[in-house]
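Participant: Right, I'll just put the structure down here and ask away after.
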Amino acid sequence: MLTPVVDSLLALPEVDSARIGAIGISQAGYWVPRAVAFEKRIAAAVADPGVMDVSTSWFDAPPSKLRKAVDEGKREAFDRDMNLGLHFQRGARHTLAFRMRPYGTDDYYEVFKAVREYHLRDVVAQIECPLLVTDPEGEQFWPGQSQELYDALQCPKEIVRFTVEEGADLHCEPMAMSLRDQRIFDWLDDVLDRSEPNA
């Protein structure tokens, strides 16, 4: 995912190969840490927020009967009950369709089965570059996972809290984007300033 981007950047004469950073916002708080576990040319990365396991935001809403159907491989029962449950919930149906698009399927069972595999537990120890993890108070989709990711990291790391008092709570700090950007870019400036420039 990230490697072709880095390849393209390195073809530009104005890019310092020792100071390439990556910022992952929302679910990219999973994608960027996973990418830098393999792409070692990234000098510093940010996860806003930290996402250790994508599937929790998918499996929190459905009733236990549906979660059990996925775990037991009962495709027909799962799809039948999902279709029935979403029949009169147009907003939920459209939201789910939007969230399914990146997975390349419109089949409910397939996507819920697939997201079980989207976690960092198998690769978090491979992350080597410095990583900044944001931790907004009141995170709606992956509560507690910023701290979980931070605790699991073995690389240089920092966690930055965003609070209600600052007006910077909730997923991706929507009411305090300037404050978020200031903290992220100050951290990147500090970390990348320590890197030896490449000609």
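Participant: Can you find a residue that is in contact (Cβ under 8 Å) with a residue 24 or more places away in the chain, touching a strand residue (DSSP E or B) at 6+ places or on another chain (Cβ under 8 Å) and among the β-branched types (Val, Ile, Thr) anywhere in segment 109-118?
Facilitator: Scanning segment 109-118, I find no residue that is in contact (Cβ under 8 Å) with a residue 24 or more places away in the chain, touching a strand residue (DSSP E or B) at 6+ places or on another chain (Cβ under 8 Å) and among the β-branched types (Val, Ile, Thr), so the answer is no.
Participant: Of all residues in segment 142-199, count the ones that are touching a Ser or Thr at 6+ places or on another chain (Cβ under 6 Å) and modelled with pLDDT under 95.
Facilitator: Of the residues in segment 142-199, 1 are touching a Ser or Thr at 6+ places or on another chain (Cβ under 6 Å) and modelled with pLDDT under 95.
Participant: For segment 100-114, state whether one or more residues are modelled with pLDDT of 95 or more and among the polar types (S, T, N, Q).
Facilitator: Looking through segment 100-114, none of the residues is modelled with pLDDT of 95 or more and among the polar types (S, T, N, Q).
Participant: Right, another one. If you check Arg19, Arg116, Arg34, which single one turns out to be under 18 Å from Cys155 (Cβ atoms) and in contact with a Ser or Thr (Cβ under 7 Å, 6 or more places away or on another chain)?
Facilitator: The match here is Arg19.
Participant: Quick one: Pro33 ticks every box in (1) touching a Phe, Trp or Tyr at 6+ places or on another chain (Cβ under 9 Å); (2) in contact (Cβ under 8 Å) with a residue 60 or more places away in the chain except a single one, so which number is it?
Facilitator: Among (1) touching a Phe, Trp or Tyr at 6+ places or on another chain (Cβ under 9 Å); (2) in contact (Cβ under 8 Å) with a residue 60 or more places away in the chain, the lone unmet condition for Pro33 is (1).
Participant: Name the helices (runs of 4 or more DSSP H) wholly inside segment 1-85 in which the number of residues that are charged (D, E, K, R), open to solvent by 10 Å² or more (accessible area, probe 1.4 Å) and closer than 25 Å to Leu170 by Cα is 1 or more. It would help to see each step written out before you state the result.
Facilitator: On the way: elements: 3-10, 28-36, 56-59, 64-71.
Passing ranges, in order: 28-36.
Participant: Search segment 53-75 for residues that are among the polar types (S, T, N, Q) and pair each with any residue that is surrounded by fewer than 16 Cβ atoms within 10 Å (Cβ to Cβ) when their beta-carbon atoms are under 7 Å apart and the residues are at least 6 apart or on different chains.
Facilitator: Sorted first by the residue in segment 53-75, then by its partner, the pairs are Ser55/Arg116.
The values are calculated or read from the model by the stated rules, or taken from the named source; none is laboratory data. From a predicted model like this one, the values you see are computed outputs, not experimental measurements. Cβ: placed from backbone, ideal geometry, glycine included. Neighbour counts: every protein chain shown. The area values use the complete protein model at the heavy-atom level, side chains included, leaving out ligands, DNA and RNA. Shrake-Rupley method; radii C 1.70, N 1.55, O 1.52, S 1.80 Å.
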